[in-house]
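The structure appears below as C-alpha cells.
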Amino acid sequence: MAFDADTPGPPHALELKRVVKSFGPVVALRSGSLTLDRGSIHALIGENGAGKSTLVKIIAGLYRRDAGDLLLEGESVDFTSTAQSKAAGIAVIYQEPTLFPDLSVTENIFMGRQPTNRFGRIDRKAMRTEAVEIFGRLGVALDPDRVTEGLSIADQQIIEIAKAISLDARVLIMDEPTAALSGVEVERLFAVARSLRDEGRALLFISHRFDEVFALCDTVTVMRDGSYVETTPIAETTVDELVRQMVGRDVTEMFPKQPAAIGDVVLQVEGLTRTGVFRDISFTLRRGEIVGLAGLVGAGRSEVARAVFGVDTYESGRVVLDGAVLRKGDPRAATARGIALVPEDRRKQGLVLDDGVARNITLTIRSKLARWGLIWNRLENEAARVWASRLEVKTAALDAEAGTLSGGNQQKVVLGKWLATEPIVLIVDEPTRGIDVGTKAEVHRLLSELAQQGIAILMISSELPEVLGMADRVLVMREGRLTAELPRAEATPEAVMFAATAPAEAAA
Amino acid sequence: MMGMKRNRRAGAVVALTLGALLVATGCAGSGGDDGGSGGGDDAELSIQFLPKNLGNPYFDTSNAGGAEAIEEFGGTYEEVGPTEASPTSQVSYIQTAAQQGVGGLVVSANDPEAICDALDEARSAGVKVVTFDSDTNPDCRDLFINQATAEGIAQVQVDLIAEQIGDAGQVAVLSASANATNQNAWIELMQEEFAASHPDIEVVEVVYGDDDDQTSFDKTAALLQTYPELKGIISPTTVGIAAAARYLSTSEYKGKVALTGLGTPNQMREYVEDGTVTAFALWNPADLGYLAAWAAQALITGEITGEEGDTFEAGKLGSYEVGPDATVLLGDPYVFDAENIGDFDF
Amino acid sequence: MSATLTPVQPGTSGASRIVRRIATARETGIAVALVLVIVAATASNPTFLFSSDGFRDLLLTPSLLLLVAVGQAFVIITRSVDLSVGSVVGLTAYLTGRLFIDIPGIPIIVVFAAGVLLGGLLGAVNGVLVAWAKVPALVITLGTMYIYRGINVAWTGSDRINASDLPRDFRGLGTEHLLGIPILTIIALVVLIAAAWYLRNIRGGRELYAIGSDPDAAHLYGLRVSRRIITAFVVSGALAGLAGVLYAARYGTVSSAAGFGWELQAIGAAVIGGVAISGGVGTVWGAAIGAFLLLTINRALPILGIDDFWQRAVVGVLILGSIVLDRLLAVRQHRRLIAQREVDR
Amino acid sequence: MTVVTDAATARVYQAHARPAWRRLLLTRETAIIALLIVVIVVALASVRNFDSPLTVTYLLRDIAPILLIALPMTLIIITEEIDLSVASIVGLSSVMTGILTQAGLPFPLAAALAVVVGAVAGAFNGFLVTVVGLPSLAVTIGTLALFRGIAVGLLGTTAITGFPEEWTDLAKANIPGTPVPMIMIVFVILAVVFAVLLHFTPFGRSLYAIGLNKEAAHFSGIDVGRAKFTLFVLSGAVSGFAGVYFTLLYSNARGDNAMGMELQVIAAVLLGGVSIFGGRGALHGVIAGVLLIGTLGSALRLAGITSDIINVITGVLLVLSVVSASLLAWLHQRRSAAVGRRRGRRSAEGGAAGDETHNHASTSHQGRKQR
C-alpha cells in the first residue's frame, strides 16, 4: 500500500463543522459535527433518525450540504459526486452492500478504476491478482471470478471492504457493517479495521452495538435529533452515559409494558423451512402475549414473518391459526383470517408513498368498504378519518401523500392500515425503526394496549432494550435457525446476544 | 415518480407549450390549404391522384402525365398517397378527398374490395372516381383506364420469356402484392398461355415483393437459391423487375437467367446495356396518367357519364371511347430492347 | 449468462476455464442453432451454402442488421432500449443518396462520415433526453422514432434514390468481396470486433454493464452514469447511421420506407443472442449471432419448404424462447447459489 | 376496538389539501382536454371542410380501434406494465374472422371466436408476465412478432374480402340522425365500464397501488399477478374485438391489418397523462389524448399536409409531454433545495430550532425507478 503515514500535515484527517441538510421542508441534519484523526477508529452512535446516515452521505458526496464546513486534511472541500470523494481518498461502506449482481467479484471491486495498460486496456490479470491478494490479507476464500449474485451479506460486506482497501483510502467509513455478521466474521472485520488503523488511516465506525464500540474504537461521538451531542475518548465513558446522551432522557420510561391476561394459543408455526433462508422454525403465540423475535440483521427473522403472513412461500412446515391450517403464500387469506404484518421497510413495503394517507389506510379494507362493489373517496375518507384520529396521525389532509409525513406518522399510518383489518395476530417488524422518541413511546403504549385487548403480537426488533422491555417471551434466531426461547425472566442482554451470535457448535 | 402537485403544475405548462406549438402548426395548415385549392371557382376541376404508394417511379411518371393534362385543361392537380402500398392506408386518403370535396379522384387500387366502400362514399359525396393501372370492382368507380388489355400484357411477356429461354425450362414470377388485381389477372392469363402454347415451360412459383425494393431484391435472391435450374424470371411490376435486374447484374446468374417483365426505360437502361436484360415491355405510363386526368375532367364536366359508347377528347392523345364495364383502353404494350431504349426518357 | 456458472476455485487452470466458459456461454447455444439451420437448409438444397451466391448472401444479408443489433446491444446492456434505429437507418440512407446526387464527385469516405455523424447526432438526442430527463428510453425513442421517420418521409416525399444515382464504386461496396468475403460483411465484422473489445476491455465498456446491472449502485460508485448512457445511444445511432449508408450501397434504391421495422428486428436479434432486456447481461457477439440467425432463418424457410410468411412467427418464437430460457437458467442458478450458501453454513 | 381514547385532542382531518377548483383544473387531464378544444377551434376556424359532418364520421370511425384498445392499455400502464402486442392481436383477430367466415361459419360466431382468440393471446402474454415472471416489454416484443407472424403466416399477403353486407354496413353506419358512427355506442359503454372499474372499484384501487409500489401492494394482500393477468386478458379481448371491427370497416381481413397501431395507442395513452412509471393517470385524459391525435391528423390531412408531419407532431407531443414533466420536477427540486439551503443556514446560525425530526429522505425526488 502506498499510503504514507508520515506525511506532515494538518492534524485532522476529516472535519465536519455544524453541517446542515434539509430535504424540502424536512430537516435531516440540524448541526452535524465530527472530527476524524489519522491512525484512529472513531465511533458514531445515535438512534435511528439521528442523522448519522445523512452525515455519511454528505461525506461521500451523495448529498450536498446546505450549510456548514467539510474539511479534508484541513482544506475545505465540496463534493458534488461520489467520484470526487473517492478520488479524495474517502471510502464508504454502506449499511446495505451496493454491488452489481451480474458482474464478477473482481470487477465489483475495481469498477470505474480498473488497472489499465498504456492503451487503456483493462489488465484483467493484474486486477485478479490484486483481488486475490486483498482476500488473502482479509483471510477469506472468495472466488474472485464468480458473479456476486447470491452471495451472503457477509460476503458482500467483504467485497465492500476489499473495495475500500483497493482504493487505498485515507478515510474509511463503515455504516453498521456488523449488523449482519456473525461473531467470527465480526472478529475478522475488527482485525482488518485495526490493521488499517495501524497503517495510519482514519476510520469511522457506525454501530448500534455498544460492546463493539468499546472493543474497537478509540473515540466516540454521539448524535441526537440531527445534532452533535458530544465527543469523548472511549476510555472515559460508559454504556449508560452514552445511552443517556443518545436518548436524552431516562431509558426505563420508554417501554411501558402493562401486564395482560395471557390466553390460549392462537398461532402455531411448525417446522417452517425455506432453503437458504430459514430452517425448521417452530413457535407459538398466545392471546394477549407479546413475543419478541431477536437476532442479527439477516438472521432470517423478517423472512419468517413474511412466510407466516404469506408474502413469501415456504417449502415445508405449516402455520396453524385458531386450529386451522393457513394457506401458504396467500397474504389475502391470512388477512381475512386475522393476521396482520407491519413490515420491516415502511417506505418500500408498508406504504404507497406517492398515494394519499386515506388511500393508504383503506388499502387493506377496500373490498370491505365497497358498496355494491363500488368505492369512492368519501367512503375511504370516512374510514381513514376514524383511524387517523385514533392514532393521532399528524397530516395536512387525508389526500396528502404519505411520503410527505414524518417517519413516526408514516408508521402510524401503517399501523392504522393493519389495525383497520381487526387482526387477532399482529406481527410487527422493527416497529420503531427510524422514528422519533415521542412516537416511539406512543407505539409501545399502543402495542401494550393491543395485547391487553387480547391480540397476540410477534415483535421483531434489533433494539435489544425494546425487545427486553416489551416482550413476555423472547425468541432468538441465528443464521436461519431458532436458537433460543427465553421467558421474560431469563431474557438478559447477554443471553440473547449469545444465542444470536454464538457459533453453531456452541448454540446447538 | 412525480408528486401530484408537480404533475399538475406540469400539466398547466404542457398545455401552454403545446397550445403554442399547435397554433403554429394550425396556421401553417391553413396556409397550405389556401395555396392548395386556391384555384378559385374551379374547385370542381380539382383532381387528386392517389397512387398505390408514393416514391414509386412508375407512378411518378404517370402522375406527371396527369399533371400535364390538368394544366392543359386548367384544373388543380394534387398528389397524395401512403408510403406503403396497403389498402387500409389508401382509405384514409379517399375519405379526406371526399371531405375536401375534390372534383375527381384518380386512384390505383391496392385491393379491389377493401377500398370499394370508401370509394362509394366518396362518389355519393360527389367525387368522380377514375381508376387506372389497377382496377377495383367495376361498381365502385366511374371509369377504369386500362393501360393495355390483360391478354395483350400477358401475351407479350410470355412471348418475350419463351424467346429468351428457348421455349423450355423453369420460370418464376416476381409479382407485387398478392392482392394486386392487375397482377393476378396477368399471371393467370400467362399461366393459361404457357399451358396452351408452351408446354415445356414450367412456372415453378409466384413470389411477392410487395412493390418494395428491398423485399423484391431479397425474393429474387431466394428464388435463385431455391430453384437452381431456374431459366427465367418474369416480373410484371416496375419495382420488381428493377430489383431483380440489380440482383442478377452482380450475381453469377447474370446472362444465364433471363429476366423480363414490365419496366420503365430509365430504370432498366443500365441492365439492358450490360446484358442482364434483353427485352422488356411497358405502355407509356405518362400517357396513362394523362388519359386518366382527361377522363376525370370529362366526368366532372358531365361530358360523359361512363356509359359504354361515350366518347371524349384527351388532348394530344386524341379521342377515346368508353368500352364495356366502363373501361377505356390506352393501347398495346410496347417492347423495349437495346435497339430502341435510347429513344425514351421516362 | 455469460459468466461462469459454477464457482471455480482459484488455481483452476486457465485453459479448462476457457473451455468451460465457451461450453456454457449463452452465445454458444445460439451459434449451434445457427449452424443447425444452415446445415438443414444446405442438406435440402446444397446451393444454400455451396454456391458463390449462396455463400455470399449467407454473409451479406445479415451484415446490415448486425450493425444495428450491435448498437442496440450497447443500449440494452445499460437497461434502455432504442426504438428509433429503424428511422435512423432510413434517414441516413436517404442522406447518402442525396449527397451523391447533390454534390457530384463527393468522396465516398465523406459520405460515410456524414452518415455516421448524422446517426450519432440523432442517437445523442435520444441519449440526452433519456439521461437528463430521466424518462424511460421506451417513451423517448418511441417519440423520436415517429419524429425521425416523419422528417425522413417529409424530406424524401415521393422521391427516391435509384441505383443509377449512386457512383458505381460506391455500389460496389454492397456487392464486391475480398478473399471471398463480401466487403459489407468485413465492415460489419470489424465493427463487431471493435465493439466487443471495447465492452470487454475498456473501463467505459465495463461501466455500461455496471449501469445496466444496478443503476443505483452505479450512482453510488461514482460512475458517470448520464455520460455513459448518452455514449451508448450515440453508438447505437452511429452504427444505425453506418448501416444506413451501407443500405444505400447494398440495395441501391432508397425510398422513405428504408429501414422500416428494423428496430424490432434489432431488439429481437439482441434478445435472442442473450442480451437481457433488464440490462447488465449479454455480449455483442450474442447480438451479432442473433442477427445472423434471424435473417438466415428468413432465407432458409422457403428452402425448407415452409412458406416464408411464417418467418415473423418464427422470430417471435425465438424471442420468447430465449427470454424464457434465460429466465429458467437464472432461476436455476439462483437456487444453486442459495443452496451453496446453505452448504457453506 | 378503541385503541387510543384520547378524544380531547381529536384533530380535524380535511379531505383535501387544496381547494376543489385547483384539484380539478390544474391537472394533466384538463390540460389535454383544453388542448383538444384549442385544436378543434383552430381547425374549425382555419381548415376548410373541417366543419362538415363527414369529418366527424370519418374521424371517429378511424380512431375507434385506438380508442377501444387505449382503455385496457391505460390500466396496464397504470400497473407499470406494457402491452406492445395489441396491434398484432388486432391483425390476428382480423385474419381469424376472415378465415372462419370463409370456412362457412356464420359471421357472428366467427367474430365471437376471433374475440376469444384475442383473449387467449392476451392470456398468453399474461401467463409469461405473471407466472414465468418475465418483463412485459420483452414478452410483448416477442408476441408482437409471434401474433403478427401467425396472422401473416395464415393468410400470406392475400386478403379475405366479401363479408356479409349487413355487418359491414353496420360497422360503417351512423347513429340515425347524427354523424356519429354506431361503434361509438360500443365504445361509450366500454369506456364507462372501464372508468368505473378503474376509478370506483376496489380492483381499480389495487391497480394504482400496484403501479406506485408493487411490493407494498403485495404486502397489503393484493394479488398482483392475478390483477395483471386479468388486464392482459382484457387487453387481448378488446384488441380482438377491435380486430373484428377493423375487418368490417375495411371489408377485408389481412395479416398486416393495423400494423404499427400499438405505438399510436401507447403514444395516445402517455399523452393523455398516464405515467410510464405506473400509478398515475385517468381515463378521461386518455380519451382526450386519442381524440387529440386523431383530430390533429384529420385536420392536417384536410389541410393537405401529409401524414408524415402528423407523425412528427405526434412524436414531438409525446416527447415534450414527458420531458416537460421531468423538467418541472427538476426545477421544483432545485427550488426546494435552494429553500433548504437558506433554511439550513438560518437554522445553523440560530442554533437547533424547529419542529420534530423528520426522517424523510430525498429518494422520492430522485427517479424512483427508471423502468
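Throughout, read-outs are computed from the coordinates displayed, never taken from laboratory work. What you are looking at is a predicted structure, and each value in this text was computed from that prediction instead of being measured. Cβ atoms come from the backbone with ideal geometry, glycine included; neighbour counts cover every protein chain shown.
For chain D, set up a GNM with springs between Cα atoms under 10 Å and report which of D:177, D:98, D:153 has the largest fluctuation. Of the options given, D:177 has the highest mean-square fluctuation.
Viscosity 1.567 mPa s, temperature 4 °C: give me the Stokes-Einstein translational D for the range B:150-282 in µm²/s, with Rh taken as the Kirkwood radius over C-alpha pairs.
Working: Rh = 14.1 Å.
Calculated translational D: 92 µm²/s.
Take each residue in A:140-151, count the other chain C-beta atoms within 10 Å of its C-beta, and the mean is 5. Beta bridges from DSSP with both residues in chain A: antiparallel share about 55 percent, rounded to the nearest 5. Here the mean projected area of the convex hull built on the C-alpha positions of the range C:28-333 is 16.3 nm².
log10 I(q)/I(0), Debye, Cα-only the range A:56-154, no solvent, q = 0.13, 0.18 Å⁻¹? One equal scatterer on each Cα of the range A:56-154 leads to -0.61, -0.99.
Please check: in the Gaussian network model of chain C (C-alpha springs, under 10 Å), which one of C:159, C:326, C:307 has the largest mean-square fluctuation. The residue that fluctuates most here is C:307.
Just counting partner chain Cβ atoms within 10 Å, what average do the residues of peptide D:101-109 show around their Cβ? Don't jump to the answer; show the numbers that get you there.
Details: counts 0, 0, 0, 0, 0, 0, 0, 0, 0.
Other-chain Cβ atoms within 10 Å of each residue's Cβ, averaged: 0.
Dimensions of the range C:75-158 along the principal axes, based on C-alpha atoms and rounded to the nearest Å, stand at 44, 28, 18, largest first. A dipole drawn for chain C from +1 and -1 charges on Cβ atoms has a positive end, and of C:264, C:155, C:108 the residue lying farthest that way is C:264.
Would you mind ranking B:190, A:470, A:497 by Cβ crowding within 10 Å, fewest neighbours first? The partial results should precede the final answer.
Values: B:190 23, A:470 28, A:497 18.
Starting with the residue having the fewest Cβ neighbours, the order is A:497, B:190, A:470.
Taken along its three principal axes, the alpha carbon spread of the range C:188-345 comes to 63, 39, 24 Å, from the longest extent down to the shortest.
Would you kindly give the portion of the calculated P(r) for the range A:95-134 that falls above 15 Å, as a percent of all Cα pairs? Intermediate values should be presented prior to the final figure.
Numbers: 327 of 780 pairs.
So the pairs more than 15 Å apart make up 42 percent of the total in the range A:95-134.
Take each residue in C:313-326, count the other chain C-beta atoms within 10 Å of its C-beta, and the mean is 6. If I model chain B as equal point scatterers sitting on the Cα atoms and use the Debye formula, what is log10 I(q)/I(0) at q = 0.09 Å⁻¹? Results for chain B at q = 0.09 Å⁻¹ read -0.54. Applying 1/(1 + (r/R0)^6) with R0 = 35 Å to the Cβ-Cβ distance of residue D:103 and residue C:324, what FRET efficiency is obtained, to the nearest 0.05? E between residue D:103 and residue C:324, to the nearest 0.05, is 0.60. Ordered by the number of other Cβ atoms lying within 10 Å of each residue's own Cβ, fewest first, A:102, D:83, C:214 fall into the sequence C:214, A:102, D:83.
About the Cα centre of the protein assembly as shown, how large is the charge dipole given +1 on each Lys and Arg Cβ and -1 on each Asp and Glu Cβ? Please answer in debye to the nearest 20. Write out the running numbers ahead of the final one.
Details: 128 positive and 160 negative charges, 1694 e Å.
So the magnitude is around 8140 debye.
Can you classify the range D:27-310 as rounded, prolate or oblate using the Cα gyration tensor, where a ≥ b ≥ c are the square roots of its eigenvalues, rounded means a/c under 1.5, and otherwise it's prolate if a/b beats b/c and oblate if not?
On the way: a/c = 1.82, a/b = 1.11, b/c = 1.63.
Here the range D:27-310 falls in the oblate category.
For residue A:316 and residue A:133, the difference between the fully extended length at 0.36 nm per residue and the C-alpha to C-alpha distance is 61.7 nm. Pull out a ≥ b ≥ c, the square roots of the eigenvalues of the alpha-carbon gyration tensor of the range A:347-422, then state rounded if a/c is under 1.5, prolate if not and a/b is larger than b/c, and oblate in the remaining case. Prolate, because a/c is 1.5 or more and a/b exceeds b/c.
Using only Cα atoms, find the angle between the long axis of helix D:224-249 and the longest principal axis of chain D, and express it within 0 to 90 degrees, rounded to the nearest 10. Relative to chain D, helix D:224-249 is tipped by roughly 30 degrees. Charge dipole (Cα centre; +1 on Lys/Arg Cβ, -1 on Asp/Glu Cβ; no other charges) of the range D:177-324 amounts to roughly 200 debye.
Mean-square fluctuations from a GNM of chain B, with a 10 angstrom spring cutoff on Cα atoms, peak among B:133, B:325, B:287 at B:325.
As a test of the definition: which semi-axes, in Å, follow for the range B:34-192 when you take the square root of five times each eigenvalue of its alpha carbon gyration tensor? Largest first, please.
Numbers: eigenvalues 219, 54, 34 Å².
Equivalent ellipsoid of the range B:34-192: 33, 16, 13 Å, largest first.
When the Cα positions of C:251, D:204, B:216 are compared along the charge dipole of the protein assembly as shown, D:204 comes out farthest toward the positive end, with charges on each C-beta of Lys, Arg, Asp and Glu.
Assuming 0.692 mPa s and 37 °C, estimate D for the range A:354-508 with Stokes-Einstein, Rh taken as the Kirkwood radius over Cα pairs, in µm²/s. Please list the in-between numbers first.
Numbers: Rh = 17.4 Å.
The diffusion coefficient I find is 189 µm²/s.
The calculated FRET efficiency for the pair residue C:164 and residue D:45, based on their C-beta separation and a Förster distance of 35 Å, comes to about 0.15.
Seen against the Cα atoms of chain B and their longest principal axis, helix B:285-301 is set at about 50 degrees. Our helix-only sum for the protein assembly as shown, with -39,500 (n - 2.57) per DSSP H run of n ≥ 4 divided by its residues, gives a mean residue ellipticity at 222 nm of -17500 deg cm²/dmol. Modelled spin-label separation between residue B:252 and residue A:241, with each label point placed 7 Å from Cα along the Cα-to-Cβ direction: 9.4 nm. Taking only the C-alpha atoms of the protein assembly as shown, Rg followed by Dmax gives 36.7, 120 Å. Under a model in which nothing but the beta-carbon of Lys, Arg (+1) and Asp, Glu (-1) is charged, the range B:150-282 shows a dipole of about 300 debye around its Cα centre. The fraction of Cα-Cα pairs per 10 angstrom bin, counted from 0 for chain A, comes to 4, 17, 26, 26, 18, 7, 2, 0 percent, rounded to whole percents. Among A:140, A:350, A:126, which residue has its Cα furthest toward the positive end of the charge dipole of chain A, with +1 on Lys/Arg Cβ and -1 on Asp/Glu Cβ? Farthest along the dipole direction, towards plus: A:350. Against the main long axis of the alpha-carbon atoms of chain C, helix C:108-133 sits at an angle near 50°.
Give me D:182, A:477 ranked fewest to most by other Cβ atoms within 10 Å of their Cβ, as a rough exposure proxy. Walk me through the numbers on the way to the answer.
Details: D:182 17, A:477 24.
If I rank by nearby Cβ atoms, fewest first, I get D:182, A:477.
Classify the range A:26-96: rounded, prolate or oblate, from the alpha-carbon gyration tensor (a ≥ b ≥ c, eigenvalue square roots; a/c under 1.5 rounded; otherwise prolate if a/b is larger than b/c)? It is rounded, given that a/c, with a ≥ b ≥ c, falls under 1.5.
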